Every structure is written in C-alpha cells, then in structure tokens.
Amino acid sequence: MRTLKYVAAASMLAVALPASAQQLSIATGGTGGVYYPIGGGFAEMINNHIEGAQATAEVTGASVENMGLIMRGDADLALVLADTAYQAFTGSGDFEGRQIENTRALASVYPNAVQLVTLAESDIESIADLEGKRVSVGAPGSGTELNARALLEANGISYDDFTPQRLNFNETADAIRDGDIDAGFWSVGPPTSSILNLAATRDIRLIGLSDEEIANAQEEEAVFAPYELAAGMYDGMDEAVTTIGIPNVLVVNADMDEELAYQLTQLLFENTDELIAVHPAANDTTVEFTMNSTPVPLHPGALRYFEEVGAEIPDRLRQ
C-alpha cells in the first residue's frame, strides 16, 4: 500500500498518549480525490501537535474498504461517506450480514458532491442518456460506486442499461480524456484535482440532476441532499449545476482510547485553518456541520469535546 508520511515537528499539546496510540494509520482514498490530501493534512497536524503520535495517510479504495480496515483494526481513523458509515453501523445495504456495530465518529468533515462528467461534445445531457454508454461508476469498494448505484437505481437505471467501468478518479479522468469511456462519476469534495486536470486539457460538461431525480435519490438514501456546484468551479463551466451531496465522516473504532479520541477531535476543530490550507473543502469542518450531518454515534472522547464547547448534541449521536 502506498503511503504518505510526514516528519514530526514541534509539539504543541504536551499530553502523553498510550503506547498503542503512538502509530496511527488514516485510511483515505485514491490520490486524485479529496480524502488523500485531507487525510494527509490531518496526519501532519497530528504529527505537529500531539506529543508521541506519528500518523500516516494511506491510499485505499475509499469508503467501503475503509470501513473494513476500521473493523479489522488495520486503520485507526478513516474518511467514509455518510451512507457507507450508516450502512456499516446498521448492517444494511452493502453491509447486510456484516454489520460493524463498533463504528463511531469523531466528526463530519465536509460534504461530497456527486459529479457526473462527460466531454462537452458528448450527446449525454442527463443521467437517462447514459443508456448504452461506457460509464465509470468509481473504484471497487468506493463510496462513489455506492452513491452512483443508489442515484441510478432510484431513477430506474441499472448497470444492465450501460457498460459499467470500475475506475478510480485518475483512471476515470484519463479514460474520458482518451475517449475510452463516455462519462464518469465522482463522489468527492469539489473541486477535485482529477477533474481540474481533465478540464485543463479537454472541454468538459457536468451533468445536472432534475428536482425529480434528486427527490427519487433522497427516497433511496436519506443522507442525500441537493447540492449546487458553482459556476466557474472547473474550466468551461459557465453555469451552476445542481446535483446531490453527501457528508464525509471521520470514523474510528469504539475501542479507540478515549483520551486519544478527545485529543484528535480537539485538534481537528481548534486547528481547522491548517486543514483549510490543504484543501478548501475543510471550510465546512464545523461543529454545527458535525451535529447536523453525522449518521452514526460519536465516540465518547469526541462527545467529551463537544460537551466542553457547549454543542447541542442530538440524542442520535450518543451511544
């Protein structure tokens, strides 16, 4: 597994951690998405501010794979889409028969946007036009594929209606650019580097969703919400595009040491400017967003932090 490693710098929090917490693995996603820089940025924050801790951001297949890593103890923290976290916690959907009851959250970090991209010259104008086309639905084991499948099936479109390709973000961008596929899905915090790079070399179009298509998707997945991609986000994108958004959750195992979970939560919310400097998606990393968007219970260490800062904690986030 490829890793991103950071060298420890001067500590600002002089609190000793348990020996088991000194080496922390953060499961992220592919290098072309937002999980990887956000996870890498948080790893650097841990290394700089928590004495005795060394964190490493790991490249993974993203949400679904990340939940398995948390369950097996192969990762200490993971970035996961809200619907994936909820399905894992409840044993529903893709996690039917393999429930991960020990799923706990430290925070909701930022919302993903489902972005469906094609070339500007394409005849694809809506999701209905994907019929008969070659379409990337995201890497195997990714939240992108869960979101794409849910969106499509909620609107009467199945994988039998087109030729699905399971490619990661960079592979999807390359395949669209080279004409090997007709369109591709991203479920990621915008703007994302792989789409930015694609738009710099080819004229692209982002496919919007109608109100009816969004409503159908929300019936399928309660965590979906309307989300507007701003005009100018990518080269050649002259108008805003309406799609759906899904929160991203920083999850841990319930067995994580409470003091460590408290320190990690405190670090995230009291040094958010450092994460924003890594990626603008972290502008949404707020206590309010966590209270409104988190789909699984909070870890006791995180609860302690939110209680200290006077947050109004919904009952659903207590376990």
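The values are calculated or read from the model by the stated rules, or taken from the named source; none is laboratory data. Quick caveat, the model's predicted, so the values are computed rather than measured. No Cβ is skipped: glycine too gets one built from the backbone with ideal geometry, and neighbour counts run over all protein chains shown. To get the accessible areas, we keep the full protein, side chains included, count just its heavy atoms, and leave off ligands, DNA and RNA. Shrake-Rupley method; radii C 1.70, N 1.55, O 1.52, S 1.80 Å.
Residue check: is GLU274 outside any strand (DSSP E or B), modelled with pLDDT under 95 and open to solvent by 50 Å² or more (accessible area, probe 1.4 Å)?
Taking the combined requirement at face value, the residue does not satisfy it.
Check TYR234, TYR305, TYR227, TYR262 and return the single one that is assigned to a loop (DSSP other than H, G, I, E, B) and of a type in the set (Ser, Thr, Tyr).
It is TYR234.
For the stretch 115-132, give me each residue that is out of contact with any Phe, Trp or Tyr (no Cβ under 7 Å at 6 or more places or on another chain), free of Cβ contacts under 8 Å to residues at least 60 places away in the same chain and not in a helix (DSSP H, G or I).
Within the stretch 115-132, just ASP123 meets the criteria.
For VAL135, indicate whether it is free of Cβ contacts under 8 Å to residues at least 60 places away in the same chain, within 27 Å of ASN197 (Cβ to Cβ) and surrounded by 18 or more Cβ atoms within 10 Å (Cβ to Cβ).
Yes: the conditions hold for VAL135.
Looking at the structure I just gave you, is GLN87 over 28 Å from LEU196 (Cα atoms), within 16 Å of the chain's Cα centre (by Cα) and either surrounded by 20 or more Cβ atoms within 10 Å (Cβ to Cβ) or without any contact (Cβ under 8 Å) to a residue 24 or more places away in the chain (or both)?
Spelling it out, GLN87 is indeed over 28 Å from LEU196 (Cα atoms), within 16 Å of the chain's Cα centre (by Cα) and either surrounded by 20 or more Cβ atoms within 10 Å (Cβ to Cβ) or without any contact (Cβ under 8 Å) to a residue 24 or more places away in the chain (or both).
Given the options ALA27, ALA55, ALA8, name the one that is modelled with pLDDT under 95 and either open to solvent by less than 60 Å² (accessible area, probe 1.4 Å) or out of contact with any strand residue (DSSP E or B) (no Cβ under 7 Å at 6 or more places or on another chain) (or both).
That would be ALA8, the only listed residue that is modelled with pLDDT under 95 and either open to solvent by less than 60 Å² (accessible area, probe 1.4 Å) or out of contact with any strand residue (DSSP E or B) (no Cβ under 7 Å at 6 or more places or on another chain) (or both).
Residues that are surrounded by 22 or more Cβ atoms within 10 Å (Cβ to Cβ) and in the same structural domain as LYS133 (by the TED database): find the strands (runs of 3 or more DSSP E) completely inside the stretch 154-216 holding 2 or more of those.
Correct list: 183-188, 204-206.
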